[in-house]
Amino acid sequence: MPANWRSLNATIVYIEIAELRAFIEDKLQHLLEQNHTRIDFAQRLQEIIDQYNAGSSSADAYYEDLVKYVSNLTEEAERHSREGLSEEELELYDLLKKDKLTKAEEQKVKLAAKALIIRLLKGSPKVLVQDWWKDGQTQRTVKAAIEEVLHKDLSASYDRMVFKEKCDNVFELVVEFAENGRKWVA
């Protein structure tokens, strides 16, 4: 094969890689906006890029790694359906679950995620009032509502420390969304 053909083939491969990477970054950004617990996908992409930039992998291996990564992203994008949850419920489920849950416990965590969204968005008395995150009293009301739902719905296998950690994680997520005008804002 003439040298100019090899150069043309290499250029085509690099263009394909650049297009694939742009697609991946766009898809990843969308998935992270839907569920911030997917941060490990961003870290994995960065590892693939770093390996390539360090010369640890060829362009062909880099392309193959990116294609495998797209497959994993696609699977993750569909996970909420497989779990029987909305995207919002899946995000809470991911925050609430812990290692080594039984199937019954997993189901309770899913129900807790569903119940929590219902309580925060539709429950009475209303807890997500206008600018609730700016006032200490309304923050405590929201946190108490979160703790109440999770206390009722989470498995007894959550000891006090794990339960508090899960409640705090959910509260911090809800505050972050409210402060940034995303999702659960009144």
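The values are calculated or read from the model by the stated rules, or taken from the named source; none is laboratory data. Remember, predicted model here, so these are calculated numbers, not experimental data. All Cβ positions, even for glycine, are placed from backbone atoms using ideal geometry, and neighbour counts span all protein chains on display. Accessible surface areas use protein heavy atoms only, side chains included; no ligands, DNA or RNA. Shrake-Rupley method; radii C 1.70, N 1.55, O 1.52, S 1.80 Å.
Brief remarks on what is shown
- Relative contact order computed over the range 84-184 (Cα-Cα under 8 Å; 6+ residues apart), in percent: 30
- Estimated purely from DSSP H runs of n ≥ 4, each contributing -39500 (n - 2.57), the mean residue ellipticity at 222 nm for the chain is -25000 deg cm²/dmol once divided by its residues.
- Here each label is just a point 7 Å from Cα along the line to Cβ, and for residue 176 and residue 148 those points are 2.6 nm apart.
- Taking all protein chains into account, the per residue accessible area for the chain stands at 59 Å² (1.4 Å probe).
- In sequence order, the range 116-127 has phi-based couplings of 5, 5, 4, 4, 6, 9, 10, x, 10, x, 5, 10 Hz under the Karplus curve 6.51 cos²θ - 1.76 cosθ + 1.60, θ = phi - 60°, and Gly or Pro positions carry x.
- Hits among lysines - C-alpha to C-alpha of residue 27 under 26 Å, sequence gap 8 or more where chains match: 68, 97, 110, 114, 183
- Contact order relative to length of the range 24-95, as percent, for alpha carbon pairs under 8 angstrom and 6 or more apart: 41
- Across the chain, the mean sequence separation of Cα contacts (distance under 8 Å, 6 or more residues apart), normalised by length, yields a relative contact order of 17 percent.
- For the chain, with +1 on Lys and Arg beta carbons and -1 on Asp and Glu, the positive-most of 173, 58, 116 along the dipole: 116
- Between 118, 24, 15, the Gaussian network model of the chain with springs among Cα atoms under 10 angstrom shows the greatest mean-square fluctuation at 15.
- GNM flexibility winner over the chain from 100, 108, 166 (Cα, springs under 10 Å): 100
- Of the solvent-accessible surface of the chain, computed with a 1.4 Å probe over protein heavy atoms with every protein chain present, carbon and sulfur atoms account for 51 percent.
- Most to least accessible of 30, 80 (protein chains only, probe 1.4 Å): 30, 80
- Accessible surface of residue 157 - all protein chains present, 1.4 Å probe, nearest 10 Å²: 50
- Sites residue 17 and residue 78, calculated FRET efficiency, Cβ-Cβ separation with R0 25 Å, nearest 0.05: 0.50
- Cα gyration tensor, the chain - rounded (a/c under 1.5), prolate or oblate: prolate
- Three-way shape call for the range 74-121 based on the alpha-carbon gyration tensor, with the a/c threshold at 1.5: oblate
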